[in-house]
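The values are calculated or read from the model by the stated rules, or taken from the named source; none is laboratory data. As the structure is a computational prediction, the values presented were derived from the model and not from experiment. Neighbour counts run over all protein chains shown; Cβ positions are idealised from the backbone, glycine included. The area values use the complete protein model at the heavy-atom level, side chains included, leaving out ligands, DNA and RNA. Shrake-Rupley method; radii C 1.70, N 1.55, O 1.52, S 1.80 Å.
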Amino acid sequence: MTTQRVLTGITTTGTPHLGNFVGAIRPAIAASQDPATESFLFLADYHALIKCQDPAQVRQSSKEIAATWLALGLDTERAVFYRQSDIPEITELTWILCCNAAKGLMNRAHAYKAATQANEEAGEDPDFGVTMGLFSYPVLMAADILMFGAQRVPVGRDQIQHVEMARDIAQRFNHHFAPLFTLPEAVVEDHVAVLQGLDGRKMSKSYHNTIPLFLPEKQLRKAINKIKTNLLEPGEPKDPDDSTVFQIWSAFASPEETARMRADFEEGIAWGEAKRQLFELVNATLAPARERYYALLDDPGHIESVLQRGAERARAFSTPLLAQVREAVGISAMR
Ligand code: TRP
């Protein structure tokens, strides 16, 4: 059987929320169970340093994200699950690729462009507050991808450009030195829902409108009660397609339950009742994983041993490839 190699990184800033679960974690775990795919999943902790200079937060977030994936049943015997910083070959490759990637290409990366544009609008020097980490971010990401010969890279829309840059960098290296890199392709999962947050905009840490995935039961109920609704009274028909409550419901419910809720909306279900049902559903879905999650947070030694095992498996790929890359660029033992 020919298998597809699929790779995704998760930047270790912030606490996973319902939007991450529906949009990224759930589909990635499902894909990793497909015998036709070979999944590489990793904690992008060097990427975290670009956005976050608070060591406690980077540490805590790495732990929470690792515990989340394990609690939700990622099969780490199948998927290679590791932490970027445990693979020194990735940072070595980053430098070699830096010496090969065009600066002009990086000038066009949108994280960097957004920063310089904001500075210009504020009348500052365009590079004010811009670190080399932010500027070189796409090269580190290219190293993540090319190191493992990934063919498919599932990402959000904002990351497509980075995968295309990785492809560009790979092509240039292959042409100039030796054809060592597989050309990756970005995959945007159009069928997965982009969840709305408490205020109805996309659920995102930067909007402060998230519902954390493993909130304790009471707080989960409270958070769901805070979802913004309109002022329609019980008995007045409500538009399901304009409702965050319904949108989150459909991301968790079966098609039959979703059809039933749609009918209830049209018949004027009270907001309080719709939210109560939403809480029951989300809570029942997440409760078993939540219990495992808190047990894992209390046992960091276990998480660490899983990551170390993953690093060992990942390095079985990265060590030989990096040796070839070094050889190709002229760095090797004297002979
Ligand atoms: N930059 C990605 C993000 O913020 C995370 C990431 C790092 C990544 N390295 C990667 C994603 C490699 C895919 C492949 O979402």
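Between residues in the range 118-146 that are assigned to a helix (DSSP H, G or I) and residues that are more than 9 Å from the ligand (Cβ to nearest atom) and acidic (D, E), which pairs lie under 6 Å by C-beta distance while being six or more apart or on different chains?
none
Tally time: how many residues in the range 126-160 are out of contact with any strand residue (DSSP E or B) (no Cβ under 8 Å at 6 or more places or on another chain) and either open to solvent by less than 40 Å² (accessible area, probe 1.4 Å) or more than 20 Å from K51 (Cα to Cα) (or both)?
Residues of the range 126-160 out of contact with any strand residue (DSSP E or B) (no Cβ under 8 Å at 6 or more places or on another chain): 126-140, 142-143, 146-147, 156-158.
Among the residues that remain, those that are also either open to solvent by less than 40 Å² (accessible area, probe 1.4 Å) or more than 20 Å from K51 (Cα to Cα) (or both) are: 130, 133-140, 142-143, 146-147, 156.
Within the range 126-160, residues that are out of contact with any strand residue (DSSP E or B) (no Cβ under 8 Å at 6 or more places or on another chain) and either open to solvent by less than 40 Å² (accessible area, probe 1.4 Å) or more than 20 Å from K51 (Cα to Cα) (or both) number 14.
Within the range 274-281, is there a residue that is part of a helix (DSSP H, G or I), at pLDDT below 95 and surrounded by fewer than 19 Cβ atoms within 10 Å (Cβ to Cβ)?
Keep residues of the range 274-281 that are part of a helix (DSSP H, G or I), which gives 274-281.
Those left that are additionally at pLDDT below 95: none.
Within the range 274-281, not a single residue is part of a helix (DSSP H, G or I), at pLDDT below 95 and surrounded by fewer than 19 Cβ atoms within 10 Å (Cβ to Cβ).
With the condition being within 14 Å of the ligand (Cβ to nearest atom), I'd like the helices (runs of 4 or more DSSP H) fully within the range 152-260 carrying at least 1 qualifying residues. Spell out the reasoning first.
Values: elements: 160-176, 217-225, 244-252.
Helices (runs of 4 or more DSSP H) meeting the threshold: 160-176.
Kindly establish whether L198 is closer than 20 Å to G19 by Cβ, open to solvent by 30 Å² or more (accessible area, probe 1.4 Å), within 24 Å of the chain's Cα centre (by Cα) and of a type in the set (A, V, I, L, M). It would help to see each step written out before you state the result.
Working: closer than 20 Å to G19 by Cβ: yes; open to solvent by 30 Å² or more (accessible area, probe 1.4 Å): yes; within 24 Å of the chain's Cα centre (by Cα): yes; of a type in the set (A, V, I, L, M): yes.
Yes, satisfied.
Quick one: is E256 surrounded by fewer than 15 Cβ atoms within 10 Å (Cβ to Cβ), closer than 23 Å to N20 by Cβ and not small (G, A, S)?
Details: surrounded by fewer than 15 Cβ atoms within 10 Å (Cβ to Cβ): yes; closer than 23 Å to N20 by Cβ: no; not small (G, A, S): yes.
No: the conditions fail for E256.
Considering only the range 95-132, state which residues are of a type outside the set (A, V, I, L, M) and within 17 Å of Q159 (Cβ to Cβ). Reasoning before the result, please.
First, the residues of the range 95-132 that are of a type outside the set (A, V, I, L, M): 95, 98-100, 103-104, 107-108, 110, 112-113, 116-117, 119-121, 123-129, 131.
Across the range 95-132, the qualifying residues are R108, H110, Y112, K113.
Out of curiosity, is T76 in contact with a Gly (Cβ under 8 Å, 6 or more places away or on another chain) and open to solvent by 20 Å² or more (accessible area, probe 1.4 Å)?
On the way: in contact with a Gly (Cβ under 8 Å, 6 or more places away or on another chain): yes; open to solvent by 20 Å² or more (accessible area, probe 1.4 Å): yes.
Yes; evaluated as a whole, the condition is true for this residue.
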